[in-house]
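All remarks here apply to the structure that follows.
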């Protein structure tokens with residue numbers, strides 16, 4: 001078998017392999033695009049537990065940190081989102097102390 005025929009056969013087989021691989025990947029996991037800044041992507045990348053870890057795994061790990069409920073029942077998605085917003089407010093100093101609220105409302109302690 002000459003080199004040209006061998007190369008043609010190789011590239012043909014490689015093409016079939018790539019098609020099968022792409023079909024497997026697309027049937028295994030659907031993909032979507034989200035808009036994040038480069039800084040956010042870099043922060044997420046630093047959270048990878050191994051080199052080939054996916055952003056999907058990182059995001060699911062982070063979402064698992066949000067409590068799903070308590071002894072009174074399951075939290076709604078809206079309530080879970082409000083927990084995350086509240087934690088962000090606390091972290092960034094967007095809160096008022098009880099004393100500040102009393103002063104603003106004119107309540108004496």
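Coordinate-derived values only; no laboratory data. Here the structure is a predicted model, which means the values were calculated and not measured. Every residue, glycine among them, receives a Cβ derived from its backbone with ideal geometry; neighbour counts consider all protein chains shown.
Is one or more of the residues making up segment 1-16 surrounded by 10 or more Cβ atoms within 10 Å (Cβ to Cβ), more than 11 Å from the chain's Cα centre (by Cα) and not in a helix (DSSP H, G or I)?
no
Every residue in segment 51-78 that is over 23 Å from residue 30 (Cβ atoms) and either out of contact with any strand residue (DSSP E or B) (no Cβ under 9 Å at 6 or more places or on another chain) or surrounded by fewer than 12 Cβ atoms within 10 Å (Cβ to Cβ) (or both), please.
Hits for segment 51-78 are 51, 65, 67, 68, 69, 70, 71, 72, 73, 74, 76, 78.
Which residues, counting only those in segment 39-71, are farther than 22 Å from residue 85 by Cα and assigned to a loop (DSSP other than H, G, I, E, B)?
Those that are farther than 22 Å from residue 85 by Cα and assigned to a loop (DSSP other than H, G, I, E, B): 48, 49, 50, 51, 52, 53, 54, 71.
On the given criteria, is residue 79 in a helix (DSSP H, G or I) and either in contact (Cβ under 8 Å) with a residue 60 or more places away in the chain or over 25 Å from the mean Cα position of the chain (by Cα) (or both)?
No: the conditions fail for residue 79.
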